[in-house]
Amino acid sequence: MDPDWLVFHPEPSIPEFKLPAGAVDAHCHVFGPAGEFPFAPERKYTPCDAGKDKLWTLRDHLGLHRNVIVQATCHGADNRALVDALADSRGKARGVATVRASVTDEELKLLDNAGVRGVRFNFVKRLVDALPFDDLQRIAERIAPLGWHIVIYFEAADLSEYYEFFTALPTTVVVDHMGRPDITAPIDGPDFELFLRLLSDNDNFWSKVSCPERLSGVGPEGGYEDVVPFARTVVENFSDRVLWGTDWPHPNMKTHMPDDGKLVDFVPKIAVTRELQRKLLVDNPMRLYWPEGSAL
Ligand code: 0GY
């Protein structure tokens, strides 16, 4: 089965930016290998193999310390590749799973023991047929007692449709990739204003300031500069509720495959002080995913 998107960068650069000790990649994935962990029949794309060993190699190459592995749609609600990676990480990875409303308490307990700390609700129409709100609500109520959170992925134009549902969720809620703003629109336009309101009116909401490569019109040649004002606004206004991640192995990137080292070098453009960098890369992800542990 051939991958229908670009394969991850074969030789990412070593970042120039000096990461704070204990930095966490809080958004990345493992894919397969398909021979061991087959992709879901209902998937909307077929990725290349990108197993745990390659992820650990990248982590060490970039100078990162820990990973949060997020279940991607190509594995559906089959979390075996994720659980296998968590077991292999020796405590250096936590997970965000995908579950159906039929999940049993025993399955949730096994996921919790494996290091899963949240579930992902995906509303991006090109990626999934989203579950009905009733199912999602039921899942939310089941995972809340475990102390888990919910990761939501949606496109900016759809936020108003989901706003009421999102703000009624009973847990901490983490938004992927700043809710995918249209960065060609003005920063004070209605879509991004609504996203900022979501964060300012609801202190259980966090945001990942990840994926400039998915949002930028100027691309890597332009240093993803057009994304900077948006991400910087989020980091500076909600410094205790932001996370960052590589998004390796970059599923569905059709235009270019980012150099992960350059993605690390993007961080000081959006978190401009050592304090903001430490919160974004260490303090915040540690509080959410390793509340019991020290950063190193
Ligand atoms: C991401 C982004 C994408 C894919 C998925 O679960 C997924 O398949 O999240 C995307 O295509 O925008 O966060 O990895």
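The values are calculated or read from the model by the stated rules, or taken from the named source; none is laboratory data. Keep in mind it's a predicted model, so treat the numbers as computed, not measured. No Cβ is skipped: glycine too gets one built from the backbone with ideal geometry, and neighbour counts run over all protein chains shown. Note: areas computed on protein heavy atoms with side chains; ligands, DNA, RNA excluded. Shrake-Rupley method; radii C 1.70, N 1.55, O 1.52, S 1.80 Å.
In table form, for the structure just shown:
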{"read-out": "J(HN,Hα) series, segment 35-52, from Karplus relation 6.51 cos²θ - 1.76 cosθ + 1.60, nearest Hz, glycine and proline x", "value": "x, 9, 10, x, 6, 6, x, 8, 4, 9, 8, 10, x, 6, 5, 8, x, 4"}
{"read-out": "Heavy-atom surface of the chain, accessible at 1.4 Å and reported per residue (Å²)", "value": "42"}
{"read-out": "Segment 174-224, Rg to Rh (Cα coordinates; Rh as Kirkwood inverse mean 1/r)", "value": "1.01"}
{"read-out": "Antiparallel DSSP beta bridges within segment 24-289, as percent of all bridges there, nearest 5", "value": "5"}
{"read-out": "Extension reserve of the Leu110-Glu236 stretch, reckoned as 0.36 nm per residue once the Cα distance is removed", "value": "41.6 nm"}
{"read-out": "Whole-number D in µm² s⁻¹ for the chain, Kirkwood Cα-pair radius fed into Stokes-Einstein, 4 °C, 1.567 mPa s", "value": "68"}
{"read-out": "Relative counts (whole %) of C-alpha pair distances in segment 1-144, using bins that are 10 Å wide", "value": "11, 38, 35, 14, 2"}
{"read-out": "Length-normalised contact order of the chain in % [C-alpha pairs under 8 Å, at least 6 apart]", "value": "23"}
{"read-out": "Vicinal HN-Hα couplings computed from phi for segment 84-89 (Karplus, 6.51 cos²θ - 1.76 cosθ + 1.60; Hz; Gly/Pro x)", "value": "4, 5, 4, 5, 7, 7"}
{"read-out": "Partner lysines for Lys262 [C-alpha distance under 19 Å; skip if fewer than 8 residues away on the same chain]", "value": "Lys18, Lys54, Lys208, Lys254"}
{"read-out": "Exposure rank, largest accessible area first [Lys279, Lys18; 1.4 Å]", "value": "Lys18, Lys279"}
{"read-out": "Pairwise label distance in nanometres, Phe165 with Trp5, each label 7 Å out on the Cα-Cβ vector", "value": "2.2"}
{"read-out": "Of all accessible heavy-atom area on the chain, the percent that carbon and sulfur account for (1.4 Å)", "value": "51"}
{"read-out": "In order through segment 7-24: 3J(HN,Hα) via Karplus (6.51 cos²θ - 1.76 cosθ + 1.60), integer Hz, x for Gly, Pro", "value": "7, 4, 4, x, 9, x, 6, 7, x, 7, 5, 8, 5, x, 4, x, 5, 10"}
{"read-out": "Sequence of Asp49, Asp105 from largest to smallest accessible area, 1.4 Å probe", "value": "Asp105, Asp49"}
{"read-out": "Principal axis box of segment 174-290, alpha-carbon based, largest edge first, Å", "value": "35, 34, 26"}
{"read-out": "Reachable lysines from Lys125, criterion Cα separation under 16 angstrom, eight or more residues apart if same chain", "value": "Lys44"}
{"read-out": "Gain on full stretching of the segment that runs from Lys92 to Lys254 - 0.36 nm per residue minus C-alpha separation", "value": "55.3 nm"}
